[in-house]
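Below is one structure, written out as structure tokens; comments come after it.
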Amino acid sequence: MSVSDEAVRTGAESDRTDEPGWEVDPDDDWALAVVATVGRQLRLRREAAGLRVGDFAVAAGYGADLVYKIETGKRIPRPEYLDKADEVLNAGGLIAAMREDVKKVRYPKKVRDLAQLEARAVELQLYDPLHVHGLLQTSEYARALLSMRRPTYSAEEVERFIAARIARKTIFERDPVPDLSFVLEEWTLRRPLGGRSVLRGQLEHLLETAQLCNVELQVMPLERFEHAGVDGGIEVLKFEDGSAVGRSPAVANGRPVSEPRQLRILELRYGIIRAQALTPRESTAFIEQLLGET
């Protein structure tokens, strides 16, 4: 391969791997610290091996600019980047092991914070008036939903958000399992976002999830004359020690709240919404009907 061919190949690799979705959030102190530490370790190992940035970039098949950004903590390295660095530097798996260190920082801070709360919760009450709730979304539905956002996300950002949502679904695998209550709007189950095959897959997933012993899934019909959820979504998470945290656009401008009076308002609204919705058994039958029509 000629020098010019090598430059073209390396530049192409740099374009392929240097995506906006891998930037570190400047306000995420923990992620900045993790990525800076990983980058410093990569630089020290490269220097110990006697390789300059350009030499390592060629050997690993990445652009020198990307190598520099990763080593200076400006970019989050991909898992395959760490695997390749481990191979080139003969690190015996020590670099590849850093995958676990950077895995969580790939997700946006607000998603990590929410996942940490969900991981501790023993009861969750969740109502989303706009979409199928994130914990219930299939990857295909989530991809369709994220791809419709304007201004648009890059393909890498879409995959990053999908990975974060999938990671949150470990809540269904916890032992002991938390009690999960969802209220879904009928119209979100009718609109074929991403196509009818995507909607069918989503409806099938809802029916499977509704069979779990710790999940109660209810549908709010379009024809209800009264609806306590007109002020927006509601999330209430309760913990083993008796504390709780809630969130709704109608309370504290959507900021998480734990003050008893504000929580009482959210729980009151959620309770009324559940009473106005179809029962879990009626909801399952309704979703089965929708699936047959799709």
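A short reminder: the numbers here are calculations on the coordinates, not readings from a lab. Since the model is a prediction, treat every value here as computed from it, not as a measurement. Neighbour counts are summed over all protein chains in view; Cβ atoms, including those assigned to glycine, are modelled from backbone coordinates with ideal geometry.
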Taking the Cα atoms of the chain, report the difference between the largest and smallest coordinate on each principal axis, in whole Å and largest first.
72, 44, 34
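Explain nothing, just the number: dipole magnitude of the chain about its Cα centre with +1 on each Lys and Arg Cβ and -1 on each Asp and Glu Cβ, in debye rounded to the nearest 20.
In total the dipole reaches around 380 debye.
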Tell me, 265, 234 in order of fewest to most beta-carbon neighbours within 10 Å?
265, 234
Theoretical gain in end-to-end length, residue 177 to residue 279 [0.36 nm per residue, Cα-Cα removed]:
34.5 nm
The chain - mean residue ellipticity at 222 nm from DSSP helices (-39,500 (n - 2.57) per run, n ≥ 4, rounded to 500):
-16000 deg cm²/dmol
When the Kirkwood radius is taken over all Cα pairs of region 31-105, what Stokes-Einstein diffusion coefficient follows at 10 °C and 1.306 mPa s, in µm²/s?
134
Those trypsin sites (Lys or Arg not before Pro) in region 107-158 that DSSP places in a loop and that have at most 12 other beta carbons within 10 Å:
149
Pick out which of 77, 221, 249 has the largest mean-square fluctuation in a Gaussian network model of the chain, springs linking Cα atoms closer than 10 Å.
249
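Just to be sure I follow the definition: excluding the sites themselves, where is the longest run in the chain that has none of the GluC sites (Glu not before Pro) in a DSSP loop with at most 11 other Cβ atoms within 10 Å? Spell out each step's value before the answer.
Values: sites that count: 223, 226, 240.
So the longest stretch without any such site is 1-222.
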For region 107-293, build the charge dipole from Cβ charges (+1 Lys, Arg; -1 Asp, Glu) around the Cα centre, then report which of 222, 166, 287 sits farthest towards its positive end.
166
What nm distance separates the two modelled labels at residue 268 and residue 291, each placed 7 Å from Cα along Cα→Cβ?
3.8
Label model pair residue 253, residue 196: point-to-point distance (7 angstrom along the Cα→beta-carbon line) in nm is 4.6
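Size of the dipole of region 139-195 about the Cα centre, Lys and Arg at +1 and Asp and Glu at -1 on the beta carbon, nothing else charged, in debye to 20? Before the final figure, lay out each step's value.
On the way: 10 positive and 9 negative charges, 47 e Å.
Once rounded to the nearest 20, the dipole reads 220 debye.
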So for the pair residue 37, residue 187, with labels modelled 7 Å out along Cα→Cβ, what separation do we get in nm?
4.7
